[in-house]
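Student: Dropping a structure here in structure tokens format, bear with me for questions.
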4 protein chains.
Amino acid sequence: MASHEATKVLRAAGEATIQVSLGSGVTLGDGRFTVIAGPCALENADQVEKSATAVKQAGAHVLRGGAFKPRTSPYAFQGLGEMGLKLLAEQGKRHRMPVISEVMDVSQLSLMMDYVDVLQIGARNMHNFSLLREVAKTQRPVVLKRGFGATLEEWLHAAEYLLDGGNDQVILCERGIRSFDTTLRNTLDLAGMAWVKERSKLPVIVDPSHSTGVRSLVIPMALAAAAAGADGLMVEVHPTPETALCDGPQALTPAMFGSLMQTLPGLLQATGRKLSGYEALTAVGS
Amino acid sequence: MASHEATKVLRAAGEATIQVSLGSGVTLGDGRFTVIAGPCALENADQVEKSATAVKQAGAHVLRGGAFKPRTSPYAFQGLGEMGLKLLAEQGKRHRMPVISEVMDVSQLSLMMDYVDVLQIGARNMHNFSLLREVAKTQRPVVLKRGFGATLEEWLHAAEYLLDGGNDQVILCERGIRSFDTTLRNTLDLAGMAWVKERSKLPVIVDPSHSTGVRSLVIPMALAAAAAGADGLMVEVHPTPETALCDGPQALTPAMFGSLMQTLPGLLQATGRKLSGYEALTAVGS
Amino acid sequence: MASHEATKVLRAAGEATIQVSLGSGVTLGDGRFTVIAGPCALENADQVEKSATAVKQAGAHVLRGGAFKPRTSPYAFQGLGEMGLKLLAEQGKRHRMPVISEVMDVSQLSLMMDYVDVLQIGARNMHNFSLLREVAKTQRPVVLKRGFGATLEEWLHAAEYLLDGGNDQVILCERGIRSFDTTLRNTLDLAGMAWVKERSKLPVIVDPSHSTGVRSLVIPMALAAAAAGADGLMVEVHPTPETALCDGPQALTPAMFGSLMQTLPGLLQATGRKLSGYEALTAVGS
Amino acid sequence: MASHEATKVLRAAGEATIQVSLGSGVTLGDGRFTVIAGPCALENADQVEKSATAVKQAGAHVLRGGAFKPRTSPYAFQGLGEMGLKLLAEQGKRHRMPVISEVMDVSQLSLMMDYVDVLQIGARNMHNFSLLREVAKTQRPVVLKRGFGATLEEWLHAAEYLLDGGNDQVILCERGIRSFDTTLRNTLDLAGMAWVKERSKLPVIVDPSHSTGVRSLVIPMALAAAAAGADGLMVEVHPTPETALCDGPQALTPAMFGSLMQTLPGLLQATGRKLSGYEALTAVGS
């Protein structure tokens, strides 16, 4: 079995975390804390514009939004497709934020490349080895979500497919796993995140939205992730969560997101870290 | 949420199980018990030939074998590809058995169609909605394995993608889920299988090989599946398990498989059922 | 760690299963299949009498019924206590069946000893090491249920407490574990049962009632357990499940239990086994 | 089912958290953050003395140590018993710290009452309803650990047994649950902790030692717990972890614990909270 080990993702003793350049001057993995925010699904021009403005004003670094949505049921909203990608790219350009969106299938890849700075591989596709191989070839930065049924080792092996394919611009994202307790949507495995950070040289971020599914728990888990050493967050924000077409109950309002962004600098400072771009922002502000 | 329900897969009161025609006169879902057998991975001409001869002689109805292998590690054996499919198709023709193999990706689909009678969607791809949609269009019979992290409802929803896409020739296959107890490879959920059979009109089979990962437990679980009402089995058989390139520890030897096939008729009879093709075989034999 | 291994419960190569004498001539672990049946909770004289008569007529070997009920909520019915034990003992004597009931705490032990032939340690108490030590001292036969959060190794270690305490009259009972899929009450781990039978010399039985929580699945799982090699069953039967004070939805009606008992002999015969006491019964019948 | 709800533990809208007085002026649940620390098992006079001195100097508020150890194997170290309790009480008195130790069984209760200020009910006993009822009668403060196989609702119901028995001096302690990923000892459910804090008026603390089982992850998870809003920590510290008789790999060294205690005030301040007794300490220090 030794020959099947995921070795390219491992952190050698003393080795620094890989820095992933996301575009527009945003780097993830340089020790500072990076925040990716935006709506679960891209719905229409107005919603995308309001979302982007809100998260930018609050200090987010990267804009997220889903154009192709993997849905349990074939009858649920499946996403705007290319129209959504256009809206996302426009807002990213306008606000000078790199944008990220999920690619569900190899066949969507060339289209995605035209619009997004960062590719996301979703939890349901972590084991889609064909997709991993093709995404590796793109050399585009990629966020690899942990499958909700995947062990930590399997997650690292999935990342190994990307590195072995020639792409080391990989960010791992813990988003909760399944356990016998179904009170919440998933069980956020922050200790697993911390274990992966020790073992791998890849930066690791946390999604406190899908992992809980409950708005009031998103900020506590976002702060916990920062305190536990994560390199950043991917968090869902919606201008009007009560009308969201997808996962409204877990979306932060712009006001809640603003509050989170104001709490992060002090919390990070307590553990000797900084929010990405925070110096610049405060310099401008002062 | 009501509008997102998987309704096409449901069994109406008194509705019969859908019969799926696999080719060469083999039907799954007609009340009789059908056995799919063969090696985990297709390795070479000799191994495929010996496997096919062994399972045919013992009374198997369908020949299985993987040409594209989804492997946790990029460094593990990934399968013979088209060469494997050729070997499989040859042996199926020779022994008058329909053949089944796993399709991992949309891009493999047209190639697969040239060689296999039945498509298999593996556990890691149950949530690959793009693949489900494309497989639906083929109208080819398909075995849909349950994801090892998927709920029973999600499994039915994945099947709904196939039926909603116009293909009702769908067989569900329970192959074990993950639980906190990792003594065995997976936790075989036979009660979940029985629950799905009640709720859905699709035939349901059981894979006692992947679910346990331990050779000595395969026959007990195969018999348990038959006693619990499954429509059939998918079981791994290898002429020399100790040399297998993939999952040798869970492969039955031809002798063990023969013993299983001899036990099944009596067991099925005790619950008022029959082994598929058993009348014919015994008629010839008498 | 080697010195902490559970060695007394292990089966040496070729070693026979321990035979546990339950009283009234009933032995569990002699290769034949033994059925323990009765209501979840003892409710009143009429219910106990009807339950006992029904299960005896259908061919059950041991009568079960709970007098002390471990309930998640302090406000749920907690059992009849000693009055229940009296009713149980009376019916056992009347029908010449040994009786079994759960002991929840060391303080109940001397009382239980006056009424029951077999002690049951429930799933929630598998890790109650103080109770295990005291039950060991009684030398009374004991059914040790697997905790729903316990690994197979931990279950064997709990049994080791009993054997190390001087009591080898121990029967293991698989009753389902927790998994991420909560469609059913628990996930019945039949493969785990089969693994334990291989590894340990203790007889192993299966509880298809608590493990599923659904009446229609009890018979399929009971048959599956028999086919997989279990030494017996513990199954809940209630004269009028719709009025049961505890777990009515999983109780078999007397008619369903009768049907199960008629199916078992043929099924067991297909795997070379017999129902306990079946020869006698059929001899009388012929 | 409504009548079986755990209502006494619920938090009414706007209701404050119950304050639990642990002795020696330490209160848990008053908004400040309280730290319980000490060795897993009490081993001998020297180890207890060194542990107590170390945690006191670093600023811990309560001293912990196990005298009766619930061990999976009957052959593992089972604890010093009363001798351990004496050592613990002596050090508590000497350092003016309330002490806590686990009670495994009703029969140990009167002995425990002579030595400890706070009773601990361990994870394996959360469902030991007889023990819960007897502990309720003592009116002594109690830390109720969540069972590693227990849902959040079941944990609240177990606490309801205590409150319904007349004791509201109850502290809940999240210590990790079992999941399919066994890389770490358990899966720490911090979001579950936060959910329970919202729903219940009982204070909730976190055990980052048992939940991870890995020394290097204890501090990240302790900080995460503080950031997520927990009322305190229960953490294992050993003067020489490499010689510990129990759970050495998860014990912090005194130096690591000191570092944790120095990080907590700043982290808590970032979310508007304080370390318990911190004002006094800093006042003395200035």
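Student: Determine, yes or no, whether D:A37 is of a type in the set (G, A, S) and within 17 Å of D:A244 (Cα to Cα). Walk me through how you get there before you give the answer.
Tutor: Numbers: of a type in the set (G, A, S): yes; within 17 Å of D:A244 (Cα to Cα): yes.
Yes: the conditions hold for D:A37.
Student: Any idea how many residues of the stretch C:49-79 are modelled with pLDDT under 95 and touching a His at 6+ places or on another chain (Cβ under 9 Å)?
Tutor: 7
Student: Within the stretch B:134-151, is even one residue closer than 17 Å to B:E236 by Cβ and of a type in the set (A, V, I, L, M, F, W, C)?
Tutor: Yes, that holds for at least one residue.
Student: Any chance you could count how many residues in the stretch B:135-156 are within 9 Å of chain A (Cβ to nearest Cβ) and either within 22 Å of B:T34 (Cα to Cα) or of a type outside the set (F, W, Y) (or both)?
Tutor: Within the stretch B:135-156, the first condition is being within 9 Å of chain A (Cβ to nearest Cβ), and the residues that meet it are B:147-151, B:153-154.
This time we only want the ones that are either within 22 Å of B:T34 (Cα to Cα) or of a type outside the set (F, W, Y) (or both), so: B:147, B:149-151, B:153-154.
Number satisfying all stated conditions: 6.
Student: Given the conditions (1) within 27 Å of D:T271 (Cβ to Cβ); (2) within 14 Å of another protein chain (Cβ to nearest Cβ); (3) modelled with pLDDT under 95, which single one is not true for D:Q108?
Tutor: Condition (1) is where D:Q108 drops out.
Student: Also, quick follow-up: Going through the stretch C:179-192 one residue at a time, which ones are of a type outside the set (D, E), crowded, with 23+ Cβ neighbours inside 10 Å and within 14 Å of chain A (Cβ to nearest Cβ)?
Tutor: Initial filter on the stretch C:179-192 (of a type outside the set (D, E)): C:179-180, C:182-188, C:190-192.
Within this subset, residues satisfying the condition of being crowded, with 23+ Cβ neighbours inside 10 Å are C:179-180, C:187-188, C:190-192.
Listed by number, the residues that qualify are C:S179, C:F180, C:T187.
Student: Write out, first by first residue and then by second, each pair whose Cβ atoms fall under 8 Å of each other, whose residues are 6+ apart or on separate chains, and whose first residue, in the stretch D:117-143, is in contact (Cβ under 8 Å) with a residue 60 or more places away in the chain while the second is in a helix (DSSP H, G or I).
Tutor: Pairs that qualify, where the first residue is in contact (Cβ under 8 Å) with a residue 60 or more places away in the chain and the partner is in a helix (DSSP H, G or I), are D:D117/D:G92.
Student: Could you list, in sequence order, all residues of the stretch A:62-98 that are more than 14 Å from chain B (Cβ to nearest Cβ) and among the basic types (K, R)?
Tutor: A:R64, A:K86, A:K93, A:R94, A:R96
Student: Check whether at least one residue in the stretch A:26-36 is at positive phi, surrounded by 14 or more Cβ atoms within 10 Å (Cβ to Cβ) and touching a residue at least 60 places away in the same chain (Cβ under 8 Å), and report yes or no.
Tutor: Restricting attention to the stretch A:26-36, the residues satisfying the condition of being at positive phi are A:29, A:31.
Now restrict to residues that are surrounded by 14 or more Cβ atoms within 10 Å (Cβ to Cβ): A:29, A:31.
Cutting the leftovers down to touching a residue at least 60 places away in the same chain (Cβ under 8 Å) gives us A:29, A:31.
Yes, the stretch A:26-36 has at least one match.
Student: Let me ask you something else. What is the one condition in (1) of a type in the set (F, W, Y); (2) within 26 Å of D:A222 (Cα to Cα); (3) touching a residue at least 40 places away in the same chain (Cβ under 8 Å) that D:F148 does not satisfy?
Tutor: (3)
Student: Go through the stretch C:233-255 and count every residue that is surrounded by fewer than 18 Cβ atoms within 10 Å (Cβ to Cβ) and more than 14 Å from every other protein chain (Cβ to nearest Cβ). Full working, then the answer.
Tutor: Taking the stretch C:233-255 first, the residues surrounded by fewer than 18 Cβ atoms within 10 Å (Cβ to Cβ) are C:240, C:242-243, C:248-249, C:253, C:255.
After this cut, where a residue has to be more than 14 Å from every other protein chain (Cβ to nearest Cβ) as well, the list is C:240, C:242-243, C:253, C:255.
Qualifying residue count, the stretch C:233-255: 5.
Student: List the pairs whose first member sits in the stretch A:200-222 and is within 14 Å of A:T253 (Cβ to Cβ) and among the hydroxyl-bearing types (S, T, Y), whose second member is at pLDDT below 95 and in a loop (DSSP other than H, G, I, E, B), and whose Cβ atoms are under 8 Å apart, counting only residues at least 6 apart or on separate chains?
Tutor: A:S209/A:D247
Student: Out of the stretch B:57-75, which residues are among the small types (G, A, S) and without any contact (Cβ under 8 Å) to a residue 24 or more places away in the chain? Walk me through it before giving the result.
Tutor: Taking the stretch B:57-75 and keeping what is among the small types (G, A, S), we get B:58-60, B:65-67, B:73.
Result: B:S73, single match.
Student: Is it the case that A:L264 is in a loop (DSSP other than H, G, I, E, B) and surrounded by 17 or more Cβ atoms within 10 Å (Cβ to Cβ)?
Tutor: no
Student: Considering (1) outside any loop (DSSP other than H, G, I, E, B); (2) under 23 Å from A:D181 (Cα atoms); (3) more than 7 Å from every other protein chain (Cβ to nearest Cβ), say which one D:W195 fails and leave the rest.
Tutor: For D:W195, the failing item is (3).
Student: Among the residues of the stretch A:171-186, are any basic (K, R) and over 20 Å from D:T187 (Cβ atoms)? Can you show your working first?
Tutor: Filtering the stretch A:171-186 for residues basic (K, R) gives A:175, A:178, A:185.
Within this subset, residues satisfying the condition of being over 20 Å from D:T187 (Cβ atoms) are none.
Checked against the condition, which is being basic (K, R) and over 20 Å from D:T187 (Cβ atoms), the stretch A:171-186 yields no hits at all.
Student: Let me ask something else. Take C:S101 and decide whether it is touching a residue at least 12 places away in the same chain (Cβ under 8 Å), closer than 30 Å to D:A158 by Cβ and in contact with a helix residue (DSSP H, G or I) (Cβ under 8 Å, 6 or more places away or on another chain).
Tutor: Numbers: touching a residue at least 12 places away in the same chain (Cβ under 8 Å): yes; closer than 30 Å to D:A158 by Cβ: yes; in contact with a helix residue (DSSP H, G or I) (Cβ under 8 Å, 6 or more places away or on another chain): yes.
Here the answer is yes, as C:S101 does meet what is asked.
Student: Also, quick follow-up: Answer yes if at least one residue in the stretch B:215-236 is farther than 25 Å from C:L268 by Cα and assigned to a helix (DSSP H, G or I), and no otherwise.
Tutor: Checked the stretch B:215-236: no residue is farther than 25 Å from C:L268 by Cα and assigned to a helix (DSSP H, G or I).
Student: Something else: Are any residues in the stretch B:157-167 facing another protein chain (nearest Cβ under 7 Å) and either in contact with a strand residue (DSSP E or B) (Cβ under 8 Å, 6 or more places away or on another chain) or without any contact (Cβ under 8 Å) to a residue 40 or more places away in the chain (or both), and if so, which ones? Full working, then the answer.
Tutor: Filtering the stretch B:157-167 down to residues facing another protein chain (nearest Cβ under 7 Å) leaves B:157, B:160-161, B:164.
Across the stretch B:157-167, the qualifying residue is only B:Y161.
Student: Suppose we filter the stretch D:228-279 for residues that are free of Cβ contacts under 8 Å to residues at least 12 places away in the same chain and among the aromatic types (F, W, Y); how many remain?
Tutor: 0
Student: Among the residues of the stretch A:199-217, write down those that are within 14 Å of chain D (Cβ to nearest Cβ) and under 25 Å from A:T17 (Cβ atoms).
Tutor: Taking the stretch A:199-217 and keeping what is within 14 Å of chain D (Cβ to nearest Cβ), we get A:199-200, A:204, A:206-217.
Selection gives A:R199, A:S200, A:V204, A:V206, A:D207, A:P208, A:S209, A:H210, A:S211.
The values are calculated or read from the model by the stated rules, or taken from the named source; none is laboratory data. Nothing here was measured: the structure is a model prediction, and the numbers come from that model. Heads up, the Cβs are rebuilt from the backbone with ideal geometry, glycines too, and the neighbour counts pull from every protein chain shown.
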